[in-house]
Amino acid sequence: MSTALLAASLQQTATPGLPGAGIARVDAARAAARAALAQQSALVDARAETWRYTSLRALEAQALPLASAADDAKVVELPPALGPRLVFIDGHYAPRHSQLADLPVGVNFKPLSALRAEDWQAHAALLQFVGGGSDALEPLNLALASAGVLLDVQPGVVVDAPIEVIYFGVFANPCAWHARSRVLLGEGARVILLERQLGPGAGLATLHTEYHVHADARLDLVQMQEAGAALSLLRTSTLMLAARATLRMHALDLGAALTRHALGVRLRGTQARAELRHVVVLDRRQHADLQMDLRHEVGETGSDVRCRAVAAARSRAVLQGAITIAAGADGSDAALSTHNLLLSDQAEIDARPVMEIHADEVRAAHGASVGQLDATMLFYLRARGLPEAEARALLTAAHCRAVLDDIVHADLRTAAMQALDARIQSLR
C-alpha cells in the first residue's frame with residue numbers, strides 16, 4: 001500500500017499542461033515514470049544506509065496537492081538581479097519577474113515550459129529515467145516536473161555576470177512542486193551560476209539537476225537555500241567533469257524544515273578538479289542531510305571538499321561525504337574535511353567522512369571535528385566589551401565564512417555573506 005503522498009502524487013500525474021505535454025517522447029517518458037511510481041510503496045527505502053539518519057514518515061503521511069500556477073503579477077520580494085535570471089513561483093515559470101535581455105550570444109537559457117520538440121530531442125537526458133530502484137524520488141520528479149531550466153553554453157563562451165535561477169515559494173497551504181534541469185558548458189566555456197530558493201512556501205519540493213562541464217570549461221556554482229520554515233526540500237545534483245574542467249561550488253543551507261541533498265561528482269577526464277564548499281546553519285528542529293559521493297574515475301584529478309555546520313536548539317545536521325579514487329586513477333589528489341559547531345546540548349551533528357582508495361601513488365586526507373565555540377576566544381571578545389550574544393555570533397560567522405571567502409564574483413560573495421550573517425543573527 002502506498003503512502004498518502006505517493007497516492008496523491010499518482011492522481012496528479014495526468015495533470016494537463018505540464019511542460020512538453022503533447023510531445024510524444026515527453027509523454028512516453030512521463031508515462032514510464034508514472035508506471036514506476038505506481039510500483040513504489042514508499043518515497044524512499046528507510047532501510048538504506050543513505051537514509052539512516054533522515055526519516056520522511058511525517059512527509060509521506062501528507063496528501064499534498066500539486067501547486068497551482070501563482071499569479072505572475074503578484075508582488076514577491078526578490079533580491080536585486082546580478083545578471084540574467086529565470087524565476088519560478090511555486091514551481092511555475094514567472095516571466096514577469098525574470099530577466100533575459102542581457103543574455104550573451106552563445107547562451108541558450110530557457111525554462112522547461114519554453115522547450116520545443118527539437119529541444120527535448122537534443123537534450124533527451126532531461127527525460128532519462130533508470131527504473132527498478134527502490135527510491136521513488138526520481139520517477140516522482142520526472143512525472144510531475146513543472147519547473148526547471150535548460151542552460152546550454154556554447155564552446156568558448158565566457159559569461160562574466162552570474163546567471164540566476166530562483167525558486168520562490170508563495171502558497172502558505174502545504175503543496176508540492178518539482179523542478180528538473182540540465183546545465184551544459186561547452187569546451188572552454190566559463191559560467192557563474194546562482195541557484196536560490198526563497199519565500200515562505202510550505203510543503204514539498206524536489207529538484208533534480210544534471211551538470212556537464214566539458215573539457216577546459218569552468219563552472220562556478222553557488223547554491224543558496226533560504227526556503228520557508230515549513231518546506232521539505234529534496235535535491236539531487238549530478239556533476240560530470242571532463243579533462244581539465246574545473247568546478248568550484250559553494251552551497252549554503254540556511255532555511256527549510258528538512259533538506260536532503262544527494263550530491264554526486266564524477267571526475268572523468270585527466271586534470272579535472274572539483275572544489276566543494278558547504279555551509280549549514282540550523283535552528284529549532286531543522287534537519288539537513290548532505291550525502292556526497294565524489295569519484296576520481298581517472299588519474300591526475302583533484303578534489304578539495306570543506307564543510308562547516310552549525311546546529312542550535314534541537315536541530316540536526318548529517319554530513320556524509322565519500323571520496324572514491326578508482327583503480328587506475330593514479331596521481332589523484334583528494335582532501336575532505338568537516339568542522340562543525342554545536343550551539344546547544346540538544347543539537348546533533350553526524351559527520352561521517354569516508355575515503356576509499358583503489359589506486360597507487362595518490363595524495364589523500366580526510367578529517368572531521370565537532371565541538372563548541374572556543375571559550376578563550378569568547379572570553380577575549382567579552383573582555384573587550386562585546387555582549388555575549390554578539391560575541392557568539394561573531395565567532396560563529398567567522399567559522400562559516402572561512403569557506404565562503406573564495407566565491408569568485410564580488411557581489412555574489414557579498415550576497416552570500418549577508419544571507420549567512422542574517423541567519424546567524426536569528427539563531428536562538
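The values are calculated or read from the model by the stated rules, or taken from the named source; none is laboratory data. Values in this document were obtained by computation on a predicted structure and should not be read as measured data. Note that each Cβ is placed from the backbone with ideal geometry, even for glycine, and that neighbours are counted across all protein chains shown. Please note that ligands, DNA and RNA were not included when accessible areas were found on the heavy atoms of the full protein model with its side chains. Shrake-Rupley method; radii C 1.70, N 1.55, O 1.52, S 1.80 Å.
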Original post:
Restricting attention to region 308-326, which residues are free of Cβ contacts under 8 Å to residues at least 40 places away in the same chain, open to solvent by less than 10 Å² (accessible area, probe 1.4 Å) and not in a strand (DSSP E or B)?
Top reply: S315
**OP:** Identify, by number, the condition in (1) touching a helix residue (DSSP H, G or I) at 6+ places or on another chain (Cβ under 9 Å); (2) part of a helix (DSSP H, G or I); (3) of a type in the set (D, E, K, R) that D45 doesn't meet.
**Re:** (2)
Original post:
Considering region 230-244 alone, what residues qualify as being surrounded by 23 or more Cβ atoms within 10 Å (Cβ to Cβ) and of a type in the set (S, T, Y)?
Top reply: S232
Original post:
For region 205-261, what are the residues that are of a type in the set (D, E, K, R) and touching a residue at least 60 places away in the same chain (Cβ under 8 Å)?
Top reply: E210, D220, E226, R248, R260
**OP:** Pull up region 337-358, narrow it to residues that are touching a residue at least 40 places away in the same chain (Cβ under 8 Å) and part of a strand (DSSP E or B), then point me to the one that is most open to solvent (accessible area, probe 1.4 Å).
**Re:** H339
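Can you work out which of the residues in region 1-27 that are open to solvent by less than 50 Å² (accessible area, probe 1.4 Å) and hydroxyl-bearing (S, T, Y) is nearest to the chain's Cα centre (by Cα)? Give the derivation first.
To start, the set of residues in region 1-27 that are open to solvent by less than 50 Å² (accessible area, probe 1.4 Å) comprises 2-9, 12-13, 18-20, 23, 26.
Right, trim to hydroxyl-bearing (S, T, Y) and you get 2-3, 9, 13.
Numbers: S2: 27, T3: 25, S9: 23, T13: 24 Å.
Top of the filtered list is S9.
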Original post:
Residue check, R30 against (1) crowded, with 20+ Cβ neighbours inside 10 Å; (2) assigned to a loop (DSSP other than H, G, I, E, B), all met but one. Which one?
Top reply: (2)
Subject >> Single condition E361 does not satisfy, out of (1) touching a strand residue (DSSP E or B) at 6+ places or on another chain (Cβ under 8 Å); (2) over 24 Å from A398 (Cα atoms); (3) open to solvent by 10 Å² or more (accessible area, probe 1.4 Å); (4) not in a strand (DSSP E or B) >> reply: (1)
Subject >> Any pair with Cβ under 8 angstrom, 6 or more apart, that starts in region 376-392 at a residue that is open to solvent by 70 Å² or more (accessible area, probe 1.4 Å) and ends at one that is among the basic types (K, R) >> reply: E388/R382
Original post:
Would you pick out the residues in region 221-257 that are in a strand (DSSP E or B) and either of a type in the set (K, R) or within 14 Å of A176 (Cα to Cα) (or both)?
Top reply: L231, S232, L233, L234, R235, R248
**OP:** Would you please name the residue that is most open to solvent (accessible area, probe 1.4 Å), looking only at residues in region 181-229 that are in contact with a helix residue (DSSP H, G or I) (Cβ under 6 Å, 6 or more places away or on another chain) and within 25 Å of A8 (Cβ to Cβ)?
**Re:** H208
Original post:
Only one of (1) surrounded by 13 or more Cβ atoms within 10 Å (Cβ to Cβ); (2) farther than 30 Å from L5 by Cβ; (3) at pLDDT below 90 is not met by D119, so which one is it?
Top reply: (3)
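Name the single residue, out of those in region 271-288 being within 27 Å of A245 (Cβ to Cβ) and of a type outside the set (K, R), that is surrounded by the most Cβ atoms within 10 Å (Cβ to Cβ). Talk me through it step by step, then tell me what you get.
Going residue by residue through region 271-288, those that are within 27 Å of A245 (Cβ to Cβ) are 271-280.
Subsequent filtering for residues that are of a type outside the set (K, R) retains 271-272, 274-276, 278-280.
Values: Q271: 19, A272: 26, A274: 25, E275: 18, L276: 23, H278: 24, V279: 25, V280: 28.
So the residue we want is V280.
State yes or no: is E138 acidic (D, E), open to solvent by less than 10 Å² (accessible area, probe 1.4 Å) and farther than 17 Å from G20 by Cα? So that I can check it myself, show each step before the final result.
On the way: acidic (D, E): yes; open to solvent by less than 10 Å² (accessible area, probe 1.4 Å): no; farther than 17 Å from G20 by Cα: yes.
No, not satisfied.
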